[in-house]
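Beneath this line is the structure, given in structure tokens, with notes to follow.
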Amino acid sequence: MNIGIDAIAFTTSRYLMPLEELARRRQVDYQKYCIGLGQTEMAVFPPNEDIVTLGIAAAKRAIQFVSDKDSIDLVIFATESSFDVSKSAGIYVHHFLDLSSSCRVFDIKQACYSLTAALQMAKNHVQLYPKARALVIGSDIVHYELDSAAEPTQGGGAVAIVVSANPRIMRIEPFSGLYTTDVMDFWRPVKKDEALVDGKLSTYTYMKSLEICYEQYKQLSGLDSEDLSRVCFHTPFTKMARKANNLFFSEKNIDASLLYNTIIGNSCSASLYIALISLLDNTEEDLSEKRIGLFSYGSGSMAEFFSGTIVAGYRDMLTSDDNKKMLASREHVTWQQYRDFRANKQPVPADDFYTSGDIRLEQIEEDKRIYSIRS
């Protein structure tokens with residue numbers, strides 16, 4: 001049975017900070033950002049936007065292709081930016097999408113690997129229940145300490161994927177190379193709002209994990225580099241993906257897959273799949289029946305290399321024009337607005353800023369998050 005990605009959509013903030021401005025304010029050579037990291041802009045988020053509002057916006061775009069919403073009986077919300085260690089962020093999504101109450105909903109966490117874990121779990125669910133559909137969402141907002149080396153890699157976004165039998169975008173293949181090891185390269189204790197990172201260790205572990213996963217993938221699948229038309233990578237910053245590609249797939253051109261991440265920044269669980277969307281949106285060649293390699297890495301650490309084949313007619317399922325318009329219409333924030341966004345932990349009572357979709361965080365009352373539909 002063919003199972004895979006039937007629909008996919010993403011969203012990000014309506015606001016951005018040009019890294020040229022950040023470099024000027026931090027008195028850093030801009031080349032360190034645009035060349036050294038491969039980044040030119042980063043998404044920044046107003047106080048009324050969080051992983052829930054992002055996730056809902058992406059999910060609404062994805063399920064427009066689902067004719068029967070009641071067929072969705074599994075919702076998995078993947079994130080490393082959770083604000084509640086008990087209640088699932090997916091419950092809010094389930095509510096605002098008005099999905100059937102006969103639905104299993106939960107969150108999943110393993111750093112940036114989370115959405116891949118959710119995708120594979122959803123694939124197994126559909127294998128058992130071929131008439132079912134699963135909705136998996138990866139949503140993250142990345143904050144590092146201000147004026148730290150990691151600050152210019154901040155960003156965020158959400159990807160929503162509908163998983164089904166007979167998918168219309170990508171058939172996910174059954175073999176994966178896996179690698180797990182205990183390493184403290186990136187972590188965020190519950191008491192902290194910003195993540196902590198050991199950049200050199202993280203880069204080393206990412207590359208080591210890719211080498212091990214890819215070798216295992218080749219052994220299990222009998223496939224090699226020449227069998228892959230393109231490769232997409234988890235992208236904490238695009239220079240990382242380029243370095244990985246140069247080491248293992250130097251004959252592959254990954255430019256199209258990096259266009260969106262270059263101007264969004266790190267979106268953690270969503271970043272690999274934003275790379276996939278960027279590839280599909282920006283590759284003129286018809287990728288029908290082409291095999292795409294995908295490398296997912298989550299610090300701490302867990303990694304997977306797997307592949308999928310693109311389904312003929314996939315372009316009918318894309319929202320390429322809308323994606324490009326969304327990114328082109330984003331507003332530049334001022335330096336003061338950027339600092340205010342980071343300093344203000346409470347939602348703004350008035351509609352001073354737009355969220356990515358029509359849902360906003362209205363208020364936090366007695367630690368209860370209250371969402372509303374923007375009028």
Checklist outcome for this item: Counting only DSSP beta bridges fully inside the chain, the antiparallel percentage to nearest 5 is 70 percent
Checklist entry - Got a number for carbon plus sulfur as a percent of the chain's accessible area, 1.4 Å probe? => result 48 percent
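Taking 25 °C and 0.890 mPa s as the conditions, I'd like the Stokes-Einstein D for segment 309-375 in µm²/s, using the Kirkwood hydrodynamic radius from alpha carbon pairs. Write down the numbers at each step before the final one.
On the way: Rh = 15.2 Å.
Translational D for this selection: 161 µm²/s.
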Item to check | Cβ-based charge dipole, the chain, positive-most Cα from I137, A58, P18 | outcome: I137
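Ranked highest first by average number of other Cβ atoms within 10 Å, how do 92-98, 57-63, 29-35 line up? Intermediate results must be reported in sequence, preceding the final value.
Working: 92-98: 18.7, 57-63: 24.3, 29-35: 15.3.
In descending order of packing, they fall as 57-63, 92-98, 29-35.
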Checklist entry - Principal axis lengths of segment 211-360 from Cα atoms, whole Å, largest first? => result 58, 38, 23
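Averaged per residue, what accessible area in Å² does segment 98-243 show with a 1.4 Å probe, protein chains only?
Numbers: 6500 Å² over 146 residues.
For segment 98-243, the solvent-accessible area averages 45 Å² per residue.
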Checklist entry - Of the cross-linked pairs K109/K252; K325/K368; K131/K290, which ones have a Cα-Cα span greater than 29 Å in the structure shown? => result K109/K252; K325/K368
Checklist outcome for this item: Over segment 278-370, with neighbouring protein chains present, the accessible area per residue in Å² at probe 1.4 Å is 47 Å²
Item to check | Antiparallel DSSP beta bridges within segment 173-325, as percent of all bridges there, nearest 5 | outcome: 80 percent
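Arranged from highest to lowest average of other beta-carbon atoms within 10 Å per residue, in what order do the peptides 266-274, 311-319 appear? Mind showing how you got there, number by number?
On the way: 266-274: 31.2, 311-319: 15.8.
Packing order, densest peptide first, comes out as 266-274, 311-319.
Could you tell me how many cubic angstrom of Cα convex hull volume segment 132-174 has per residue? List each step's numbers first, then the result.
Details: hull volume 4.7 nm³, N = 43.
Cα convex hull per residue, to the nearest whole number: 109 Å³.
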Checklist entry - Direction-averaged shadow area of the convex hull around the Cα atoms of the chain, nm²? => result 17.5 nm²
Item to check | Scattering profile of segment 146-305 at q = 0.18, 0.21 Å⁻¹ [log10 I(q)/I(0), Debye over alpha-carbon scatterers] | outcome: -1.20, -1.58
Checklist entry - Placing +1 at every Lys and Arg Cβ and -1 at every Asp and Glu Cβ, with all other atoms neutral, what dipole size does segment 213-317 have around its Cα centre, in debye to the nearest 20? => result 400 debye
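Run through segment 241-346 and list the GluC sites (Glu not before Pro) located in a DSSP loop whose Cβ has at most 13 other Cβ atoms within 10 Å.
Loop-located and lightly packed - E251, E284, E285, E289.
Sort D140, D147, D367 by heavy-atom solvent-accessible area, probe 1.4 angstrom, most to least. Could the numbers behind the result be given before it?
On the way: D140 0, D147 105, D367 145 Å².
Largest to smallest exposure gives the sequence D367, D147, D140.
Based on the Kirkwood radius over alpha-carbon pairs, what value in µm²/s does the Stokes-Einstein equation return for the translational diffusion coefficient of segment 12-54 at 37 °C and 0.692 mPa s? Intermediate results must be reported in sequence, preceding the final value.
On the way: Rh = 11.4 Å.
Taking Rh from Cα pairs, D becomes 289 µm²/s.
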Checklist outcome for this item: Computed, not fitted: 222 nm per-residue ellipticity of the chain from DSSP H runs ≥ 4 (each -39500 (n - 2.57)), nearest 500, equal to -10000 deg cm²/dmol
Item to check | Selection from S67, T79, G90, by position along the positive dipole direction of segment 34-148 (Cβ) | outcome: S67
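Please list 159-169, 185-195 highest first by mean number of surrounding beta-carbon atoms within 10 Å per residue. Can you show the working numbers first?
Details: 159-169: 24.3, 185-195: 13.8.
Answer by packing, highest mean first, reads 159-169, 185-195.
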Item to check | Between segment 194-248 and segment 260-319, the alpha-carbon center distance in angstrom | outcome: 14 Å
Checklist outcome for this item: Using a 1.4 Å probe on heavy atoms of the protein chains only, the accessible area for F175 in Å², nearest 10, reads 50 Å²
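Rounded if a/c is under 1.5, else prolate if a/b beats b/c, else oblate: with a ≥ b ≥ c from the C-alpha gyration tensor eigenvalues square-rooted, which is segment 1-126?
On the way: a/c = 2.33, a/b = 2.06, b/c = 1.13.
In terms of gyration-tensor shape, prolate.
The values are calculated or read from the model by the stated rules, or taken from the named source; none is laboratory data. Since we're looking at a predicted model, the values are computed, not measured. Ideal geometry is used to build each Cβ from the backbone, glycine not excepted, and the neighbour counts take in all protein chains shown. These area figures cover heavy atoms from the full protein model, side chains too; ligands, DNA and RNA do not enter into them. Shrake-Rupley method; radii C 1.70, N 1.55, O 1.52, S 1.80 Å.
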